[in-house]
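Asks: Shown below is the structure under consideration.
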Amino acid sequence: MVPLSSGRYATIRLRPGEDPLAALRALQRRTGAPAMALVTCVGSLTRAMIRHANRPGGTCHQGHFEITALTGTIDPAGQHLHLTIADGEGRAFGGHLLPGSAVHTTAEIVVLILDDLTFSRAPCPLSGHDELVIRPAAGQE
């Protein structure tokens, strides 16, 4: 059976210099959300900390970038967020969002808070990574 949740929305606007990941972690703590999903994000960055596919560490990209997509899930202990940005020539690239990015002008973020669910991470023998575990929240079984 697939757990269902009605959800509620929260919206934040980040200002120049703010870190989108830190702001999302703060929102999760402030709301106490057991599960969150990123709905949309538009804005710009001057610094993007990204872990690209099959790379062990992060790369810091400096410049002016438009946020073309930010998607993923957030739980009390962690997150799995993918960021796509485009440079001034329209070249797009992305990967896992890491701590240390910085907003240029704004970042407008909408999240869905899933109070009826809990997200956690557990080792997956198929992928070899900690992957998302979705469960009904206590009292929602």
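Asks: Are there any pairs, at least 6 apart or on different chains, whose C-beta atoms fall under 9 Å, with the first in the stretch 123-138 and closer than 19 Å to residue 74 by Cβ and the second modelled with pLDDT under 90 and surrounded by 14 or more Cβ atoms within 10 Å (Cβ to Cβ), and if so, which?
Replies: Sorted first by the residue in the stretch 123-138, then by its partner, the pairs are 134/3; 135/3; 136/3; 136/5; 137/3; 137/5.
Asks: For the stretch 119-138, name all the residues that are among the small types (Gly, Ala, Ser) and closer than 20 Å to residue 28 by Cα. Steps first, please.
Replies: Here is the first cut: in the stretch 119-138, the ones among the small types (Gly, Ala, Ser) are 120, 122, 127-128, 137-138.
Answer for the stretch 119-138, where residues must be among the small types (Gly, Ala, Ser) and closer than 20 Å to residue 28 by Cα: 120, 122, 137, 138.
Asks: Could you look through the stretch 1-21, keep only residues that are under 17 Å from residue 108 (Cα atoms) and among the hydroxyl-bearing types (Ser, Thr, Tyr), and pick out the one that is surrounded by the fewest Cβ atoms within 10 Å (Cβ to Cβ)?
Replies: 9
Asks: A further question follows. In this structure, does residue 20 turn out to be touching a Pro at 6+ places or on another chain (Cβ under 8 Å) and closer than 24 Å to residue 129 by Cβ? Quick ask: steps written out before the conclusion?
Replies: Values: touching a Pro at 6+ places or on another chain (Cβ under 8 Å): no; closer than 24 Å to residue 129 by Cβ: yes.
Here the answer is no, as residue 20 does not meet what is asked.
Asks: Run residue 85 past the list (1) more than 28 Å from residue 8 (Cβ to Cβ); (2) surrounded by fewer than 18 Cβ atoms within 10 Å (Cβ to Cβ); (3) of a type in the set (A, V, I, L, M, F, W, C); (4) touching a Leu at 6+ places or on another chain (Cβ under 8 Å) and report the number of the one that doesn't hold.
Replies: For residue 85, the exception is condition (2).
Asks: Name the single residue, out of those in the stretch 45-80 being aliphatic (A, V, I, L, M) and crowded, with 18+ Cβ neighbours inside 10 Å, that is nearest to residue 117 (Cα to Cα).
Replies: Applying the first criterion (aliphatic (A, V, I, L, M)) to the stretch 45-80 yields 45, 48-50, 53, 67, 69-70, 74, 77.
Next cut, crowded, with 18+ Cβ neighbours inside 10 Å only: 45, 48-50, 67, 70, 74.
On the way: 45: 32, 48: 30, 49: 29, 50: 28, 67: 28, 70: 21, 74: 12 Å.
This residue is 74.
Asks: Just one of 130, 87, 75 is out of contact with any Gly (no Cβ under 7 Å at 6 or more places or on another chain), modelled with pLDDT of 95 or more and acidic (Asp, Glu); which is it?
Replies: Values: 130 fails: modelled with pLDDT of 95 or more; 87 fails: out of contact with any Gly (no Cβ under 7 Å at 6 or more places or on another chain).
Just one listed residue meets the conditions, 75.
Asks: Of everything in the stretch 88-105 that's of a type outside the set (Gly, Ala, Ser) and in contact with a strand residue (DSSP E or B) (Cβ under 6 Å, 6 or more places away or on another chain), which residue is surrounded by the fewest Cβ atoms within 10 Å (Cβ to Cβ)? Before the answer, list the steps.
Replies: Step one: of the stretch 88-105, the residues of a type outside the set (Gly, Ala, Ser) are 89, 91, 93, 96-99, 103-105.
Among the residues that remain, those that are also in contact with a strand residue (DSSP E or B) (Cβ under 6 Å, 6 or more places away or on another chain) are: 96-98, 103-105.
Numbers: 96: 17, 97: 29, 98: 18, 103: 21, 104: 17, 105: 12.
Out of the qualifying residues, it is 105.
Asks: From 71, 84, which residue is hydroxyl-bearing (Ser, Thr, Tyr), under 14 Å from residue 24 (Cα atoms) and within 15 Å of the chain's Cα centre (by Cα)?
Replies: On the way: 84 fails: under 14 Å from residue 24 (Cα atoms).
Being hydroxyl-bearing (Ser, Thr, Tyr), under 14 Å from residue 24 (Cα atoms) and within 15 Å of the chain's Cα centre (by Cα) holds for just one of 71, 84, which is 71.
Asks: Return a yes/no flag: does the stretch 22-35 have any residue that is among the β-branched types (Val, Ile, Thr), more than 10 Å from the chain's Cα centre (by Cα), part of a strand (DSSP E or B) and surrounded by 13 or more Cβ atoms within 10 Å (Cβ to Cβ).
Replies: Step one: filter the stretch 22-35 for residues among the β-branched types (Val, Ile, Thr), giving 31.
Then drop every residue that is not more than 10 Å from the chain's Cα centre (by Cα), which leaves 31.
Next, only the ones that are part of a strand (DSSP E or B) stay: none.
For the stretch 22-35, residues among the β-branched types (Val, Ile, Thr), more than 10 Å from the chain's Cα centre (by Cα), part of a strand (DSSP E or B) and surrounded by 13 or more Cβ atoms within 10 Å (Cβ to Cβ): absent.
The values are calculated or read from the model by the stated rules, or taken from the named source; none is laboratory data. This is a predicted model, so every value here is computed, not measured. With ideal geometry, Cβ positions are generated from the backbone for all residues, glycine too; neighbour counts draw on all protein chains shown.
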